[in-house]
Amino acid sequence: MNNKCEEKLVSVVIPTWNRYEMVKSCIESVLRSDYKNIEIIIIDNASTDGTSDLLNRDFSDEPRVKIWRLNKNLMAAGGRNAGLSHANGELILILDNDNIIHNDMISKLVEAMEKKEDASFMGALTINVKSNTIWVLRGAYQNFWTSRSYAYGDGLPADDIDSFEEYYQTMGAPNAFMIRRNVIDVIGGFDEEFYAMYEEIDFAYRMQKAGMKAYLCTGARTDHYGYVADNQSAKLRQLGIEDVDRTYHFARNRFIMEKKFAKWYQRFVFYLLFANIYTVYYSYIAIKEGRKDIAKAYIKGAMDGYKYKCQKDIFCNYKHTEDIVEVK
């Protein structure tokens with residue numbers, strides 16, 4: 001790491017909700033980083049388990065940890081935007097709270113940004129700890145005929161990492177990624193109409209429309225633990241419909257993505273064929289798993305998504321000055 005890189009402040013934005021132990025471990029891994037010029041911005045999405053107060057106690061002597069609490073749960077999109085509102089760094093790392101990052105992940109990302117001057121976005125290589133596999137290697141892409149998202153490289157053995165290229169140009173990457181500050185100056189933050197699900201893919205596609213390039217750096221790595229609550233079905237979690245609220249937005253947001261980015265003829269095929277197939281399929285799986293409430297949520301989300309009238313502007317406001325309280 002050269003001195004020029006080390007001079008750049010990196011803002012690490014971590015939203016969380018009711019995951020005190022998990023986010024604490026995530027913060028500790030960031031503090032162990034060999035890159036020291038950081039600020040860690042925790043956004044507590046109105047947790048009911050005392051997360052913000054407990055973190056304030058645990059990290060009271062660490063000036064690099066800053067904690068903000070929202071008065072209502074704005075989920076992934078709103079939580080990240082609240083963090084962006086208070087980020088001071090030239091570089092911003094968006095990090096999900098169920099990660100334990102490798103000690104050199106941040107320094108590798110900063111170095112990659114220096115090396116790839118045309119990069120506005122640099123993803124880290126995510127390793128699924130439970131399966132010892134890769135999540136995304138060459139990016140997450142949307143098939144607008146079917147509305148399905150594809151993460152190329154998903155499921156490859158982590159033991160094969162040494163055979164990967166150093167960089168892959170990508171559409172985007174979930175879970176852990178670094179952006180330059182000028183990205184939010186041009187396209188803003190995450191579209192809060194998504195609430196959760198698809199908000200990262202939407203962010204990547206708005207970057208593409210603005211002419212920005214994204215890469216993934218295979219040398220920058222994080223261990224992703226993946227959170228499944230005790231009352232959730234592993235099968236439904238795998239499909240992304242583990243609870244009612246998430247399921248509703250998963251179904252609804254498929255339509256919003258189609259309306260924002262798909263060609264008219266792709267939307268036609270999706271409405272006529274795939275929207276109905278997915279509604280039947282996900283509802284069947286939910287009922288089979290004993291969750292009629294999730295089946296109803298998917299059907300309602302699909303109906304509301306079909307009727308939704310969306311804006312196609314690439315800029316999304318990320319400023320949060322209300323409904324947020326500084327804890328530390």
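Read the figures in this text as sums done on the coordinates, not as results from a lab. This structure is a prediction, so every number in the text was calculated from the model and none was measured. FYI the Cβ positions are ideal-geometry reconstructions off the backbone, even for glycines, and counts take in every protein chain you see.
Points to keep in mind about this one:
- For the range 219-328, the list of chymotrypsin sites (Phe, Trp or Tyr not before Pro) that fall in a loop by DSSP and count at most 15 other C-beta atoms within 10 angstrom reads Tyr227, Tyr308, Phe315.
- Percent of beta bridges antiparallel (DSSP, the chain, rounded to nearest 5): 50 percent
- Put in line by how crowded their Cβ is, counting other Cβ atoms within 10 Å and starting with the fewest, Asp98, Asp154 read Asp154, Asp98.
- Counted over the range 202-328 with a bin width of 10 Å, the fraction of Cα pairs per bin, in whole percents, is 11, 29, 31, 26, 3, 0.
- Relative to its Kirkwood radius, the Cα radius of gyration of the range 234-307 gives an Rg/Rh of 0.99.
- Pairs from Lys108/Lys213; Lys108/Lys312; Lys66/Lys108 whose Cα-Cα separation, in the structure shown, is over 27 Å: Lys108/Lys312
- Option label - volume of the Cα convex hull per residue in Å³ computed here, alternatives (1) 119; (2) 159; (3) 130: (3)
- Among the GluC sites (Glu not before Pro) in the range 260-326, those placed in a DSSP loop whose Cβ has at most 11 other Cβ atoms within 10 Å are Glu322.
- Taking every alpha-carbon pair under 8 Å whose residues sit at least 6 apart, the range 234-307 reaches a relative contact order of 48 percent.
- Taking GluC sites (Glu not before Pro) across the range 111-146, the ones in a DSSP loop with at most 11 further Cβ atoms lying within 10 angstrom of their Cβ are Glu117.
- Computed from backbone phi with θ = phi - 60° and the Karplus coefficients 6.51, -1.76 and 1.60, the 3J(HN,Hα) list for the range 260-274 is 7, 10, 7, 6, 4, 6, 5, 4, 4, 5, 4, 4, 6, 10, 6 Hz; x is used for glycine and proline.
- Neighbour counts of other Cβ atoms within 10 Å put Ser107, Ser52 in the fewest-to-most order Ser107, Ser52.
- Exposure proxy ranking, count of Cβ atoms within 10 Å, fewest first, for Val183, Val325, Val12: Val325, Val183, Val12
- Counting only lysines at least 8 places from Lys288 when in the same chain, those with an alpha carbon closer than 19 Å to its own are Lys235, Lys296, Lys300.
- The charge dipole of the range 234-307, taken about its Cα centre with unit charges on the Cβ of Lys, Arg, Asp and Glu (plus for the first two, minus for the last two), comes to roughly 180 debye.
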